[in-house]
Amino acid sequence: LRDNRIELVRASWHELSISVSDVSLSDEGQYTCSLFTMPVKTSKAFLTVLGVPEKPQITGFTSPVMEGERMQLTCKTSGSKPAADIRWFKNDKEVKDVKYLKEEDANRKTFTVSSTLDFLADRNDDGAVVSCRVEHESLNSTPQIAMQVLEIHYTPLVKIISSNSWPEEGQSIILTCESKGKPVPEPVLWTKDGGELPDPERMVVNGRVLSISFLNKTDNGTYRCEAKNPIGRNSTEYVLIVHDVFNTLLPTTVIPSLTTATVTTTVALTTSTTTSATASSTRDPNALAGQTGPDHALIGGIVAVVVFVTLCSIILLGRYLARHKGTYLTNEAKGAEDAPDADTAIINAEGSQVNAEEKKEYFI
């Protein structure tokens with residue numbers, strides 16, 4: 001080896017070391033170490049030199065870009081061995097749909113790599129940072145990055161904001177026209193029903209703000225706000241309706257069409273039974289609109305209580321009669337007129353109950 005970049009580091013009977021400075025692609029190849037013994041002993045190793053990619057560059061951007069135009073940005077790097085990898089990002093979010101191209105350099109050892117990002121310009125991309133990152137094993141996990149800030153021009157976007165959602169007579173209202181565009185839109189133009197504002201004393205324009213004081217019914221109409229810039233113009237409308245102070249809507253009470261009342265009554269009987277009665281009353285469709293359901297429920301409850309008490313009385317009477325079962329005949333003791341006492345009269349009477357199967361009652 002005869003090169004000034006090669007230096008002998010250590011030489012002994014056991015080890016021979018060299019160092020190569022400012023490594024180039026030409027240093028790649030097979031290196032042989034020989035020990036001159038009998039016979040000569042050799043050892044070989046192959047040295048691979050990585051080609052470090054150059055710093056990438058982004059081309060194809062012309063500022064400014066009009067909204068809707070097609071943009072083609074190309075990121076390119078040369079001198080990589082093996083071929084480097086290129087990734088695109090927009091505001092740190094990776095873009096996958098790109099074209100990748102790899103070409104061999106003139107030395108037939110390194111590669112030139114390029115990648116193209118193709119998209120339509122949108123107003124949301126204004127100010128976005130587009131970057132391409134070159135990744136390669138020679139960069140020790142530290143990619144080389146090229147960045148480009150997008151500048152998109154677009155027509156104004158207009159919106160009207162009202163300070164009063166329910167304007168009434170005598171009140172004031174402020175209409176604010178928000179316009180966003182690039183370049184920044186010129187001062188906006190306010191009109192009413194296609195013409196100029198009819199009452200400049202009450203309708204005051206200050207920049208993008210329209211103030212109307214002491215509202216009345218003549219202020220009803222369609223107010224238009226128009227904004228423009230060198231790219232184009234845009235407008236939006238606001239329909240103003242001034243409401244009568246005395247026609248303010250009041251909350252509406254909804255009366256249910258069906259009212260149900262439940263009345264529970266407990267009566268202590270000899271059997272300790274608890275009974276509940278439920279009465280339901282349906283609202284009369286012919287009743288006045290101002291009437292409500294609780295009166296019907298009260299009447300239904302009273303009727304249910306009366307029916308319940310009547311049923312309880314019938315049950316009590318039935319239980320009493322059930323305890324005094326038997327057949328009783330009331331007869332006049334005939335044929336016992338001459339008996340000295342009542343006992344003798346009963347014994348001597350016709351159909352005496354002596355040895356009788358049924359009990360008999362005699363009227364004396």
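The values are calculated or read from the model by the stated rules, or taken from the named source; none is laboratory data. Owing to the predicted nature of the structure, the values given are computational and were not obtained by experimental measurement. With ideal geometry, Cβ positions are generated from the backbone for all residues, glycine too; neighbour counts draw on all protein chains shown. Surface areas here come from the heavy atoms of the whole protein model, side chains and all, with no ligands, DNA or RNA. Shrake-Rupley method; radii C 1.70, N 1.55, O 1.52, S 1.80 Å.
Quick one: P(r) of the stretch 40-90 from all Cα-Cα pairs, 10 Å bins, percents rounded to integers, in order of increasing distance.
Histogram of Cα-Cα distances, whole percents per bin: 18, 31, 20, 14, 8, 5, 3, 1.
Anything over 26 Å Cα to Cα? Flag those among LYS55/LYS81; LYS55/LYS109; LYS55/LYS180; LYS76/LYS96; LYS41/LYS109; LYS55/LYS99, in the order listed.
Cα-Cα > 26 Å for LYS55/LYS180; LYS41/LYS109; rest within.
Averaging over all projection directions, find the projected area of the Cα convex hull of the stretch 155-240 and quote it in nm² with one decimal place.
5.1 nm²
Sort the following peptides by mean Cβ neighbour count (other Cβ atoms within 10 Å, averaged over residues), highest first: 311-320, 9-18, 206-215.
Listed from highest to lowest mean packing, they are 206-215, 311-320, 9-18.
For the stretch 100-223, what relative contact order do you get, as a whole percent, if you take Cα pairs closer than 8 Å and at least 6 residues apart?
18 percent
For the stretch 57-150, what size does the Cα cloud have along each of its three principal axes, sorted from largest down, in whole Å?
43, 26, 20
Explain nothing, just compute: Karplus ³J(HN,Hα) = 6.51 cos²θ - 1.76 cosθ + 1.60, θ = phi - 60°, for every residue of the stretch 114-131 in order, whole Hz, x for Gly and Pro.
With coefficients 6.51, -1.76 and 1.60, one gets 9, 9, 10, 9, 10, 7, 8, 5, 10, 4, 6, 8, 5, x, 6, 9, 9, 9 Hz.
Run the accessible area of the stretch 57-150 with a 1.4 Å probe and give the carbon-and-sulfur part as a rounded percent.
That fraction is 45 percent.
Accessible area per residue, 1.4 Å probe, Å², for the stretch 155-240: what's the number?
For the stretch 155-240, the per-residue accessible area is 56 Å².
With all protein chains present, how much of the accessible area of the stretch 155-240 (probe radius 1.4 Å) comes from carbon and sulfur, to the nearest whole percent?
52 percent
Calculate, for the stretch 57-150, the solvent-accessible area per residue in square angstrom, rolling a 1.4 angstrom probe over the heavy atoms of the protein chains.
58 Å²
Taking the convex hull of the alpha carbon atoms in the stretch 141-180, what volume per residue do you get, in Å³?
Enclosed volume per residue, from the Cα hull, is 116 Å³.
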